[in-house]
Amino acid sequence: RGQLPRLERLDSSQAQDMLCEGQAFVAPAEGLLGRRLLKWDFKFLEKHLPATQKYGVMLDEGSGKIVMSHSARNGQRQVDVKSSVTAASQQNSDEGLFSTSDQTRMTFKDFLSEAEQFRSSGRTGKLPYFGIHLLWRFKEGDNGYLGQIDEDMADDLWSIKFDLIREWQEMNVLPLVQRFYLFAGLGGTLYHCHYDLQPNLHVQLTGRKRFILFPPDAWPHLYPFPVHHDLDRRSMVDLDAPDSSRFPKWQGARGYLVELEPGDALYIPPYWWHHVQSLTPETTSMAMWFFERFPLSADVCYGLGSRADDLVLMRDL
């Protein structure tokens, strides 16, 4: 295990260089985001998210691990959380390695109730993991959309230094923003090892999270599912209980371990593997995903680096 670079400032030329080069790093988020979002804990969200609005909630697969499939992301694994047996939960496509997560929709207060029930039952049943789109756009030419949040939360979002983000985009050192997504979860929640195609600046708002990151060229040790599989971009290896007889090369993976405190920003370049664990009883964080190409060089993929060459080729075949 190595140590990720930890920069003094996110709004720096050094950060710009590492963003473009596809190098993961940690830096204080304040230079870009300020500090207003750091008050977004569970109590704040309960007060400020509309009481009747239902949001997406992922449900763990039985061991506290979130294993998100593409069918679930596309709305094909929606379940009624009150039902003990669902057709969706019986339609796993993971070759028996682990069960995949379902999704449901509930208000934030209902999420808090489900979370409290999970804790009071000795962590039995389904562990809920809350998520909401705060800002997003479907195409680069869109003006974008604001999620179902109240005016105070919107004001906090507009305090982000979008003028600096726009300046970096005009300098061709940062792609256009695609979406901001808020996560809220309980301690012990695991998010299974995977990689994304888009650059991600992950900001810890409250609580602490542990990330295990692997560069793209670690793929032979992580046994990715086939590209057209429902679990494409996920590892076949359960890093919390690895099967060395089935996946003997996993022990050769060399990565980075980093723990995020409130106010930390972790840059996860495209194709970098990451496995995530919530460490404190409650955590909130925000993922800032960007489009995949340089804003002034539409035919050039952003921040890949030579270590991603093999994975890019596999996806193009």
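The values are calculated or read from the model by the stated rules, or taken from the named source; none is laboratory data. On a predicted model such as this, the values are computed, not experimentally measured, just so you know. Every residue, glycine among them, receives a Cβ derived from its backbone with ideal geometry; neighbour counts consider all protein chains shown. Please note that ligands, DNA and RNA were not included when accessible areas were found on the heavy atoms of the full protein model with its side chains. Shrake-Rupley method; radii C 1.70, N 1.55, O 1.52, S 1.80 Å.
Assuming 0.36 nm per residue, please report the length gained on full extension of the stretch Ser244 to Ser120 beyond their Cα-Cα distance. Intermediate values should be presented prior to the final figure.
Numbers: separation 124, 0.36 × 124 = 44.64 nm, distance 3.48 nm.
Residue separation times 0.36 nm, minus the Cα-Cα distance, leaves 41.2 nm.
For Ser13 and Ala51 in one chain, what is 0.36 nm times their gap in residues minus the Cα-Cα distance, to one decimal in nm?
Working: separation 38, 0.36 × 38 = 13.68 nm, distance 4.26 nm.
Length difference between fully extended and current span is 9.4 nm.
Just want the answer: with Cβ charges of +1 for Lys and Arg and -1 for Asp and Glu, which residue in Ser244, Trp289, Gly263 is farthest toward the dipole's positive end in region 237-317?
Comparing the listed Cα positions along the dipole, Ser244 ranks first.
Label region 220-307 by shape, choosing from rounded, prolate and oblate, from the square roots a ≥ b ≥ c of the eigenvalues of the Cα gyration tensor; if a/c is under 1.5 it is rounded, and otherwise prolate applies when a/b is larger than b/c, oblate when it is not. Can you show the working numbers first?
Details: a/c = 2.06, a/b = 1.16, b/c = 1.77.
Judged from the Cα gyration tensor, region 220-307 comes out oblate (a/c at least 1.5, b/c at or above a/b).
Over the chain, how many pairs of lysines fall under 17 Å by alpha carbon, counting only those 8 or more apart in sequence or from different chains?
Counting lysine pairs in the chain gives 11.
Based on the Cβ-Cβ distance of Arg293 and Leu146, what FRET efficiency does E = 1/(1 + (r/R0)^6) give at R0 = 25 Å, to the nearest 0.05?
Calculated value: 0.55.
What nm value, rounded to one decimal, do you get for the distance between Asp309 and Arg73 when each label is placed 7 Å out toward the C-beta?
2.7 nm
Given a Förster radius of 30 Å and the C-beta distance between Arg166 and Arg105 as r, what FRET efficiency does 1/(1 + (r/R0)^6) yield to the nearest 0.05?
Between Arg166 and Arg105 the formula returns 0.35.
Computed from the coordinates I sent, percent of Cα pairs over 25 Å apart equals one of (1) 58; (2) 50; (3) 61. Tell me the label.
Given (1) 58; (2) 50; (3) 61, the structure-derived one carries the label (2).
If you average the alpha carbon positions of region 3-46 and of region 262-296, how far apart do those two centres end up, in angstrom?
First find each Cα centre; the distance between them is then 10 Å.
Leaving out ligands, DNA and RNA, what percent of the accessible area of the chain is carbon and sulfur, probe 1.4 Å? Intermediate results must be reported in sequence, preceding the final value.
Working: 6800 of 14310 Å².
Carbon and sulfur atoms account for 48 percent of the accessible area of the chain.
What are the trypsin sites (Lys or Arg not before Pro) within region 219-270 that DSSP puts in a loop, where the Cβ has at most 14 other Cβ atoms within 10 Å?
On the way: sites: Arg233, Arg234, Arg246, Lys249, Arg254; in loops: Arg233, Arg246, Arg254.
Hits after loop and neighbour filter: Arg246, Arg254.
Give me the accessible area per residue for the chain, probe 1.4 Å, as a whole number in Å².
Normalised by residue count, the accessible surface of the chain is 45 Å².
What number results when the radius of gyration of region 181-232, computed over Cα atoms, is divided by 2.2 N^0.38 Å?
It is 1.35.
If you take every residue apart from Pro216 with its C-beta less than 12 Å away from the C-beta of Pro216, what net charge results, scoring Lys and Arg +1 and Asp and Glu -1?
-1
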